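Right, one structure below, let's go through it.
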Amino acid sequence: MFETRMNTFRAEMGEKGLDVALITDDDNVYYLTGYYDYLHMEFGRPTILIVLRDGPSLLITPKIDLNSAQSAARVDKIAAWNDGMGAEWRAEIPAAVKGAALIGIEPDHMPALVRRYVDGLVGTRHLISITPILSEMRMIKSTQELQLARHAGLVANAMMDAGRAAIGDRVPEYEIAIATSQAGTRKAAELLTAHYSDVDMSPNTHFLQIMASGETITKTHHRATTRVMRRGEPVFLCFCGMTNFHRFKLGFDRTFWIGEMMDSSQAAVYEVALASQQAALDALRPGVTAESVHAAYAEVIQSAGHAYPFRCGRATGFSFLEAPQLVTGDTTILQPGMVLAVDGSVAVDEFRAQIGDSFIITQDGYEPVTEHPKTIDQLIV
């Protein structure tokens, strides 16, 4: 799988006239080599994948992560560097880019200190973004990636079921987060044990639980707190980022009510949100533009008297946000094998309703990856 991707990438480099590429987005490093680090953050220790169009691949990694790199990375050579020793991560780059007329970089995912060094070393006129190449390669998922998406869906479903079961009167929000994390981790562990051979892949869920309840319901990316929920209140659960099985991400959202809907005006808002997602799904199929799906969703929301909404959805995969996005201006044609999160959402002054699911685009429509009831009577818990 990784060898095939690397060969495809090199072929794309050849078509674009690129001599060498410097890959610094850790999701793309994983996509091309199978190597990942658990920090998944900028920590002052750059990891750089150097791909020569007509030469060996080289992974530059901190010495502290050398054992992990040797175990996982499908590359021709690994160069480990240590803090404060010699030229550190810079040591291998001059030879790799020497004589290169065109060098590919990831401008939006290159650490600032690496970018300053590369600019000074070769000059900006020799640099070009390779982000479009990798984004296009990653749009259509392979058979293996689609299996990951389906398994990620099973993890997400287990998390939503557990979150729903934990919601109740006088329950603090953090208890919901604990329940969803435990359920997701156990389901992921079950799937990893049954279907995968990577013994270093963690089943633990990632990210903090996105949820809001009561008066905080309009705070879209609010985190679980010590707030105690009460009967009649709405509760929003979002697993974007948390559902991260074998590094594959999905989008999944639901709005619930505890025991009853205390404010009956919330029903009309929710129904518009639900109808907007259904309008998007009615438009979702291969051969249409990404923006047309957003347009169908936005038409429902605006026709009901609400403001123009944020994007309807986005592609997911090994990154939280991939191309295309379901938004005005994205004219990408949807194709079978894409994985998309599709939302329905409406916000008013004191309430916000959102429903979101993930789907695989098929030859004649779509396949749901996440599933949970959506009607109001099914969401009162």
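The values are calculated or read from the model by the stated rules, or taken from the named source; none is laboratory data. A quick note: this is a predicted structure, and the numbers were derived from the prediction, not measured. In this analysis, Cβ positions are derived from the backbone assuming ideal geometry, glycine residues included, and neighbour counts consider all displayed protein chains.
Residues of the range 1-20 that are in contact (Cβ under 8 Å) with a residue 12 or more places away in the chain, within 15 Å of ARG138 (Cβ to Cβ) and not in a loop (DSSP other than H, G, I, E, B): PHE2, ARG5, MET6, THR8, PHE9, GLU12.
Does GLU106 count as at pLDDT 95 or above, loosely packed, with under 15 Cβ neighbours inside 10 Å and not hydroxyl-bearing (Ser, Thr, Tyr)? No, not satisfied. Among the residues making up the range 235-278, a single one is of a type in the set (A, V, I, L, M, F, W, C), farther than 21 Å from LYS219 by Cβ and in a loop (DSSP other than H, G, I, E, B): LEU250.
The listed residues are GLY356, GLY317, GLY337, and the only one of them that is within 18 Å of ASN157 (Cα to Cα), assigned to a loop (DSSP other than H, G, I, E, B) and either under 18 Å from the mean Cα position of the chain (by Cα) or not assigned by TED's automatic domain parsing to the domain that holds PHE252 (or both) turns out to be GLY317. For the range 136-174, filtered to residues that are crowded, with 17+ Cβ neighbours inside 10 Å and among the small types (Gly, Ala, Ser), the residue that is nearest to ILE360 (Cα to Cα) is ALA149.
Considering only residues in the range 323-345 that are surrounded by fewer than 20 Cβ atoms within 10 Å (Cβ to Cβ) and not polar (S, T, N, Q), the one that is nearest to GLN144 (Cα to Cα) turns out to be GLY337. Of all residues in the range 95-127, those satisfying the criterion of being of a type in the set (Gly, Ala, Ser) and either under 26 Å from the mean Cα position of the chain (by Cα) or on the phi < 0 side of the Ramachandran plot (or both) are ALA95, ALA96, ALA100, ALA101, GLY104, ALA112, GLY120. Any residue in the range 236-257 that is surrounded by fewer than 17 Cβ atoms within 10 Å (Cβ to Cβ) and in the same structural domain as TYR174 (by TED's automatic domain parsing)? The answer is no; no qualifying residue exists.
Take the residues in the range 288-302 that are of a type in the set (Ser, Thr, Tyr) and in contact (Cβ under 8 Å) with a residue 24 or more places away in the chain, then tell me which one is surrounded by the most Cβ atoms within 10 Å (Cβ to Cβ).
Applying the filter and picking the extreme gives TYR297.
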